[in-house]
Amino acid sequence: MKKSVMIVATALMLGFSTASAEPMCGNSCDMRGVGRGHGCGSAMMEERLGLNDKQIEKVEELQSNQFRKVSAERRKLVALERELHAESLKNPADNKKIDQLSEQIGKHSAALARLKSSHMTEVAALLTPAQLDSMRTMMDCKPGDASCDMKHK
(Lines give C-alpha, C1' and ligand atoms only; values in the text may rest on other atoms or scores of the structure.)
Protein backbone atom coordinates (compact mmCIF):
# COMPACT_ATOMS: atom_id res chain seq x y z
CA MET A 1 0.00 0.00 0.00
CA LYS A 2 2.82 2.39 0.91
CA LYS A 3 4.47 1.74 -2.47
CA SER A 4 1.22 2.50 -4.30
CA VAL A 5 0.76 5.75 -2.40
CA MET A 6 4.30 6.80 -3.32
CA ILE A 7 3.73 5.90 -6.97
CA VAL A 8 0.49 7.88 -7.08
CA ALA A 9 2.11 10.86 -5.35
CA THR A 10 5.02 10.77 -7.80
CA ALA A 11 2.72 10.46 -10.80
CA LEU A 12 0.55 13.33 -9.59
CA MET A 13 3.61 15.51 -9.07
CA LEU A 14 4.85 14.54 -12.52
CA GLY A 15 1.48 15.50 -13.96
CA PHE A 16 1.54 18.90 -12.28
CA SER A 17 5.15 19.55 -13.23
CA THR A 18 4.45 18.50 -16.83
CA ALA A 19 1.54 20.92 -16.99
CA SER A 20 3.59 23.77 -15.55
CA ALA A 21 6.81 22.96 -17.43
CA GLU A 22 5.73 24.86 -20.50
CA PRO A 23 6.46 28.48 -19.72
CA MET A 24 4.28 31.07 -21.29
CA CYS A 25 6.41 33.41 -23.31
CA GLY A 26 5.77 37.05 -22.84
CA ASN A 27 8.61 39.40 -23.64
CA SER A 28 11.22 36.78 -22.77
CA CYS A 29 11.13 33.58 -24.79
CA ASP A 30 13.54 30.74 -24.35
CA MET A 31 14.08 27.42 -26.08
CA ARG A 32 11.91 25.63 -23.53
CA GLY A 33 8.92 27.68 -24.72
CA VAL A 34 9.43 27.16 -28.43
CA GLY A 35 6.32 25.99 -30.16
CA ARG A 36 2.94 27.02 -31.37
CA GLY A 37 0.83 29.06 -29.03
CA HIS A 38 3.77 30.50 -27.16
CA GLY A 39 4.42 33.55 -29.33
CA CYS A 40 8.01 32.42 -29.73
CA GLY A 41 9.44 30.05 -32.29
CA SER A 42 11.43 31.03 -35.32
CA ALA A 43 10.84 34.78 -34.88
CA MET A 44 12.51 34.65 -31.46
CA MET A 45 15.33 32.51 -32.83
CA GLU A 46 15.81 34.79 -35.83
CA GLU A 47 16.13 37.77 -33.52
CA ARG A 48 18.31 36.25 -30.80
CA LEU A 49 20.43 33.93 -32.91
CA GLY A 50 20.60 35.96 -36.11
CA LEU A 51 19.24 33.20 -38.34
CA ASN A 52 19.38 33.62 -42.09
CA ASP A 53 16.35 33.00 -44.32
CA LYS A 54 17.32 29.41 -45.12
CA GLN A 55 17.81 28.62 -41.42
CA ILE A 56 14.46 30.22 -40.54
CA GLU A 57 12.66 28.15 -43.16
CA LYS A 58 14.25 24.90 -41.93
CA VAL A 59 13.62 25.71 -38.24
CA GLU A 60 9.95 26.43 -38.98
CA GLU A 61 9.68 23.06 -40.74
CA LEU A 62 11.36 21.28 -37.81
CA GLN A 63 9.12 23.04 -35.31
CA SER A 64 5.99 22.11 -37.23
CA ASN A 65 7.02 18.45 -37.26
CA GLN A 66 7.98 18.63 -33.59
CA PHE A 67 4.65 20.17 -32.63
CA ARG A 68 2.77 17.37 -34.41
CA LYS A 69 4.79 14.62 -32.70
CA VAL A 70 4.75 16.19 -29.24
CA SER A 71 1.03 16.98 -29.40
CA ALA A 72 0.15 13.36 -30.06
CA GLU A 73 2.40 12.14 -27.24
CA ARG A 74 1.06 14.73 -24.79
CA ARG A 75 -2.53 13.77 -25.55
CA LYS A 76 -1.67 10.17 -24.65
CA LEU A 77 0.08 11.31 -21.47
CA VAL A 78 -2.85 13.49 -20.38
CA ALA A 79 -5.30 10.63 -20.96
CA LEU A 80 -3.16 8.30 -18.84
CA GLU A 81 -2.87 10.90 -16.08
CA ARG A 82 -6.64 11.36 -16.02
CA GLU A 83 -7.10 7.60 -15.83
CA LEU A 84 -4.59 7.42 -12.98
CA HIS A 85 -6.33 10.21 -11.10
CA ALA A 86 -9.71 8.52 -11.51
CA GLU A 87 -8.34 5.17 -10.35
CA SER A 88 -6.59 6.78 -7.39
CA LEU A 89 -9.88 8.25 -6.17
CA LYS A 90 -11.79 4.98 -6.33
CA ASN A 91 -12.65 3.18 -3.13
CA PRO A 92 -10.96 0.78 -3.14
CA ALA A 93 -8.30 1.75 -5.66
CA ASP A 94 -6.85 -1.00 -7.83
CA ASN A 95 -3.16 -0.87 -6.90
CA LYS A 96 -2.15 -3.11 -9.80
CA LYS A 97 -3.85 -0.77 -12.28
CA ILE A 98 -2.25 2.24 -10.56
CA ASP A 99 1.17 0.61 -10.95
CA GLN A 100 0.50 -0.12 -14.64
CA LEU A 101 -0.72 3.41 -15.36
CA SER A 102 2.25 4.89 -13.52
CA GLU A 103 4.63 2.80 -15.63
CA GLN A 104 2.89 3.91 -18.83
CA ILE A 105 3.08 7.55 -17.74
CA GLY A 106 6.81 7.13 -17.17
CA LYS A 107 7.27 5.64 -20.65
CA HIS A 108 5.38 8.51 -22.30
CA SER A 109 7.33 11.09 -20.30
CA ALA A 110 10.55 9.46 -21.47
CA ALA A 111 9.27 9.52 -25.06
CA LEU A 112 8.60 13.26 -24.74
CA ALA A 113 12.13 13.81 -23.40
CA ARG A 114 13.56 11.90 -26.38
CA LEU A 115 11.47 13.95 -28.81
CA LYS A 116 12.70 17.18 -27.23
CA SER A 117 16.32 16.06 -27.35
CA SER A 118 16.02 14.92 -30.95
CA HIS A 119 14.47 18.24 -31.94
CA MET A 120 17.21 20.22 -30.22
CA THR A 121 19.84 18.12 -32.03
CA GLU A 122 18.17 18.82 -35.38
CA VAL A 123 18.01 22.57 -34.69
CA ALA A 124 21.59 22.66 -33.41
CA ALA A 125 22.79 21.03 -36.64
CA LEU A 126 21.51 24.08 -38.56
CA LEU A 127 23.43 26.62 -36.47
CA THR A 128 26.85 28.15 -36.80
CA PRO A 129 29.21 27.73 -33.83
CA ALA A 130 28.44 31.28 -32.64
CA GLN A 131 24.68 30.71 -32.95
CA LEU A 132 25.03 27.44 -31.06
CA ASP A 133 26.83 29.26 -28.22
CA SER A 134 23.96 31.79 -28.10
CA MET A 135 21.43 28.96 -28.02
CA ARG A 136 23.26 27.34 -25.10
CA THR A 137 23.17 30.65 -23.21
CA MET A 138 19.44 31.00 -23.91
CA MET A 139 18.76 27.48 -22.65
CA ASP A 140 20.69 28.10 -19.43
CA CYS A 141 18.41 31.01 -18.57
CA LYS A 142 15.25 30.66 -16.54
CA PRO A 143 12.07 32.29 -17.86
CA GLY A 144 11.70 35.81 -16.50
CA ASP A 145 15.34 36.02 -15.31
CA ALA A 146 16.12 39.71 -15.81
CA SER A 147 19.88 39.13 -16.10
CA CYS A 148 19.26 36.66 -18.94
CA ASP A 149 16.84 39.01 -20.65
CA MET A 150 19.58 41.62 -20.72
CA LYS A 151 22.04 39.20 -22.37
CA HIS A 152 19.67 38.76 -25.30
CA LYS A 153 18.90 42.40 -26.00
Among the residues of segment 107-153 satisfying the criterion of being loosely packed, with under 12 Cβ neighbours inside 10 Å and outside any helix (DSSP H, G or I), which is modelled with the highest pLDDT? Lys142
Lys90 being part of a loop (DSSP other than H, G, I, E, B), over 27 Å from Pro143 (Cβ atoms) and among the basic types (Lys, Arg): yes
Which residue, of Glu46, Glu57, is closer than 24 Å to Met135 by Cα, at pLDDT 85 or above and in a helix (DSSP H, G or I)? Glu57
Given (1) buried (at least 16 other Cβ atoms within 10 Å of the Cβ); (2) in a helix (DSSP H, G or I), Leu51 misses just (2)
Where the second residue is surrounded by fewer than 16 Cβ atoms within 10 Å (Cβ to Cβ) and assigned to a loop (DSSP other than H, G, I, E, B) and the first is at negative phi and among the acidic types (Asp, Glu) and lies in segment 74-100, which pairs have Cβ atoms under 7 Å and are six or more apart or on separate chains? Glu87/Asp94
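The values are calculated or read from the model by the stated rules, or taken from the named source; none is laboratory data. Computed from a predicted model, the values in this text were never measured in an experiment. Backbone-built Cβ (ideal geometry, glycine too); neighbour counts: all protein chains shown.
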